[in-house]
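Trainee: One structure is given below, represented as structure tokens, and several questions about it will come after.
The values are calculated or read from the model by the stated rules, or taken from the named source; none is laboratory data. In this text the structure is predicted, and so the values were computed from the model without any measurement. All Cβ positions, even for glycine, are placed from backbone atoms using ideal geometry, and neighbour counts span all protein chains on display. Ligands, DNA and RNA are stripped out before the accessible areas are found, and what is left, the full protein with its side chains, is counted by its heavy atoms. Shrake-Rupley method; radii C 1.70, N 1.55, O 1.52, S 1.80 Å.
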Amino acid sequence: MTVPHIPDTQRRARLYWRHGFTATDPVAAATDLITLHATDAATVHLSVAARIPDAPLLDNALYEQRTLLRMLGMRRTMYVVPTPTAPVVHAAASLTIAAEQRRLLIKHLGGDATFLTEVETATYDALVARGGAATAAQLAADEPRLRTVLHFPQGNQYITSRVLLLLAAQGRIIRGRPSGTWTSTQYTWHTHTNWTPTYDTLDPATARTELARQWLARYGPGTINDLKWWTGWTMTHTRAAVAALDTTTVTLDNGDTGIVLADDTDPVPEPDRWVALLPALDPTMMGWTSRDFYLGPHAPALFDRTGNPGPTIWINGRVVGGWAQTPTGHIATELLESVDATGVRETADRLTNWIGDIRVTPKFRTPLERRLTETVAPRG
């Protein structure tokens, strides 16, 4: 039997149809991507704005309708997740992270598990006593043991943020609205029951299978190593999740063997020409560890030293350059190869207007992004 082949042109066409570029509202875009990457608070909003140019801020979905939740997930990374997907991410990733981080914090506390349990309980009770909503500073005032100091070579650290991280990863508390603008990470904390109905209890293996299915539906074809990296699972868990699905092996242009869902081998239509300015850590950029089919030779300019991607320019599913917001608020662009730049400047100007008076500096600075911020005038 002939093994199906999915060329890079088809992989890039799938990006357009499956990564939110045809979505008409922010929640649909987030659902298409499975999750929105939120390590950098600005990325969440910029990822949606790149796909829906007239999209409003996500505040309504996040804090009023609460159809999106901010939570710790795969690879101990912060995400904004559609509410129906939250139980899957919680069981497939967050609970394991909570257990690992709790063991680590107990180690840093000199092995005193009882102390940590008491502080967790007291912190949650303090949050309940405040009506189910409080800042980290308010909780630390109510529970002074949150100001316990850990001593590290790189500096001292209160346990406040780590205890709150644990309670959130356990599914007991939720990050609510931040203070300041949409680039802020100073969140108000809420009890989960005060914010939204608690997660359904899912079996972790079942949740991992469902998350693998969603990844293959949106990011396939990919390799088993791509899925392992994206989820942060062990190889044993990754293989088991895939084995529980009906999948097909395919060949890829780079010689790798990929996998897709069994009913997903047919070609998709080639979209019309499209241009996008995606932010640092955008989900599309972060979908695979093998990025040659869309990134080409541009990693040195567009990634920092630890492997985090910065803002990128995409044309027809390929990364062809990068962008940055200058100190004046202008979006400057730079192409890294000779391509038809039609639409790039218009897209950049539209993003300039959308961001307005906010200034966005990526959490992880890349060589090209740093270079572009040195001048006010646009390049590219």
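Trainee: How do M1, M78 stack up against each other in accessible area, from largest to smallest, with a 1.4 angstrom probe?
Mentor: Working: M1 230, M78 35 Å².
Largest accessible area first, the list is M1, M78.
Trainee: Within 10 Å, count the other beta carbons around each residue, average over each peptide in 4-15, 322-333, and list them highest first. Could the numbers behind the result be given before it?
Mentor: Numbers: 4-15: 17.8, 322-333: 20.3.
Packing proxy ranking, top to bottom: 322-333, 4-15.
Trainee: Round to the nearest 0.05 the FRET efficiency obtained for L57 and M1 when R0 = 41 Å and r is the Cβ-Cβ distance. If you can, show how the numbers build up before the last one.
Mentor: Numbers: r = 50 Å, r/R0 = 1.23.
Efficiency for this residue pair is about 0.25.
Trainee: Could I ask something else about it? Based on Cβ point charges of +1 for Lys and Arg and -1 for Asp and Glu, what charge dipole magnitude is obtained for segment 200-320 about its Cα centre, in debye rounded to the nearest 20? Numbers along the way, then the final one.
Mentor: On the way: 9 positive and 15 negative charges, 88 e Å.
Dipole magnitude for segment 200-320 comes out near 420 debye.
Trainee: Here's a follow-up. Could you report the accessible area of W230 in Å², rounded to 10, computed with a 1.4 Å probe on the protein chains as they sit in the structure?
Mentor: Estimated to the nearest 10 Å², W230 gives 10 Å².
Trainee: Oh, and also: Sticking with the crude label model, points 7 Å out along Cα→Cβ, report the distance from T251 to T196 in nm, one decimal please.
Mentor: 4.4
Trainee: Hey, another quick one. Would you list R359, R145, R208 from the most to the least accessible area, probe 1.4 Å?
Mentor: Details: R359 105, R145 80, R208 30 Å².
Ranked list, largest accessible area first: R359, R145, R208.
Trainee: Then there is this: Please work out the ratio of the alpha-carbon Rg of segment 44-108 to 2.2 N^0.38 Å and round it to two decimals.
Mentor: Details: Rg = 14.7 Å, N = 65, 2.2 N^0.38 = 10.7 Å.
For segment 44-108, the normalised Cα radius of gyration is 1.36.
Trainee: Could you tell me how far the Cα centroid of segment 254-283 sits from the Cα centroid of segment 139-177, in Å?
Mentor: Centre-to-centre distance over Cα atoms comes out at 39 Å.
Trainee: Right, next: For the chain, report the translational diffusion coefficient in µm²/s to the nearest whole number, using Stokes-Einstein at 4 °C, 1.567 mPa s, and a Kirkwood Rh over Cα pairs.
Mentor: Details: Rh = 22.0 Å.
Approximately 59 µm²/s, per Stokes-Einstein.
Trainee: Using only the heavy atoms of the protein chains and a 1.4 Å probe, how would E334, E64 rank by accessible area, largest first?
Mentor: Values: E334 25, E64 115 Å².
These residues rank, largest area first, as E64, E334.
Trainee: Taking every pair of distinct Cα atoms and averaging 1/r, then inverting, what Kirkwood hydrodynamic radius in Å comes out for segment 285-380? Show your work: numbers first, answer last.
Mentor: Working: mean 1/r = 0.0734 Å⁻¹.
Kirkwood radius, segment 285-380: 13.6 Å.
Trainee: P(r) of segment 71-145 in 10 Å steps, Cα pairs, percent per bin?
Mentor: 18, 32, 44, 6
Trainee: With an 8 Å Cα cut-off and a minimum separation of 6 or more residues, compute the relative contact order for segment 1-144 in percent. Before the final figure, lay out the partial values.
Mentor: Numbers: 130 pairs, mean separation 21.8, N = 144.
15 percent.
Trainee: What translational D, rounded to a whole number of µm²/s, comes out for segment 84-230 from Stokes-Einstein when the hydrodynamic radius is the Kirkwood one over Cα pairs, at 20 °C and 1.002 mPa s? Don't skip to the end; give the middle numbers.
Mentor: Working: Rh = 17.0 Å.
Approximately 126 µm²/s, per Stokes-Einstein.
Trainee: How large is the helix-only mean residue ellipticity at 222 nm for the chain, computed as the sum of -39500 (n - 2.57) over DSSP H runs with n ≥ 4, divided by its residue count, in deg cm²/dmol to the nearest 500? Don't skip to the answer; put the middle values down first.
Mentor: On the way: 16 runs with 145 residues, N = 380.
My calculation for the chain gives -11000 deg cm²/dmol from helical runs alone.
Trainee: Here is a follow-up. Round to the nearest 10 and report in Å² the accessible area of I97, as given by a 1.4 Å probe over the protein chains' heavy atoms.
Mentor: 10
Trainee: What is the magnitude of the charge dipole of the chain about its Cα centre, with +1 placed on the Cβ of each Lys and Arg, -1 on the Cβ of each Asp and Glu, and no other charges, expressed in debye to the nearest 20?
Mentor: Values: 36 positive and 37 negative charges, 196 e Å.
Value, rounded to 20: 940 debye.
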